[in-house]
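Shown next, in structure tokens, is the structure this report addresses.
The values are calculated or read from the model by the stated rules, or taken from the named source; none is laboratory data. It should be emphasised that the depicted structure is a prediction, and the values quoted were computed from it without experimental measurement. Every residue, glycine among them, receives a Cβ derived from its backbone with ideal geometry; neighbour counts consider all protein chains shown. Each accessible area value is taken on the protein alone, full model and side chains, heavy atoms only, with ligands, DNA and RNA left out. Shrake-Rupley method; radii C 1.70, N 1.55, O 1.52, S 1.80 Å.
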Amino acid sequence: MRKHMRLLLFAIALCSSSILCHASAVAGASINASDSVVTEVAHDADGNPTRITVRVMRRGKTFQKMTTSYWLEAIPNNAYEVGKVSRVDINFDGINDILVYLGEYSNRGYEYYDAWVWNRKKQRYVHVEKFHEIANPEVNCADKWIESTSPISFSEEVYNRYEWRRGQLVLTLSQKVENKD
């Protein structure tokens, strides 16, 4: 009981800070809590990431294999961190999804991720199209949306808000903001 209470308080703290939303175990959830996630990052001759393969392992065997081609032409500031995985509930269904770190770019440190959400009907993770184009995604658990800031110019950024509608991540707000740096 104490362990579950600590996990719940940890999840509440994360949600209230709008950083990450970790789901607790959900009764009847199809995902196996003991699944592990393994990533392999392929590099070109110069050592730059080109492809990331994600394997969900269940009982020592590959349950699901997912691949993402590296879509950015720029070299990340922190290529050594590319491929790190976070298990985060990004669609607010109570089941942790998979975020794969694609790196940090520009002198402002814009970070990008690719994402797969658990689909209960298909019993598999499903790729979230265009998630990798969202700069600095922040999962806001309290309001159930994902926020982002992206550069427009040196002096302006765009603030975007995404919400889940009928299983799809949809841009619901976009506004320019002056960069205060």
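A few notes on this one:
- Scanning segment 118-132 for residues that are within 12 Å of the chain's Cα centre (by Cα), buried (at least 19 other Cβ atoms within 10 Å of the Cβ) and outside any helix (DSSP H, G or I) turns up just one, Val128.
- Single residue of Ala74, Ala135, Ala42, Ala115 found to be in a strand (DSSP E or B), at pLDDT below 90 and small (Gly, Ala, Ser): Ala42
- Of the set (1) in contact with an Asp or Glu (Cβ under 6 Å, 6 or more places away or on another chain); (2) crowded, with 21+ Cβ neighbours inside 10 Å, all apply to Glu104 but (2).
- Scanning segment 138-166 for residues that are open to solvent by 60 Å² or more (accessible area, probe 1.4 Å), part of a loop (DSSP other than H, G, I, E, B) and touching a residue at least 24 places away in the same chain (Cβ under 8 Å) returns Ala142, Lys144, Ile152, Phe154, Ser155.
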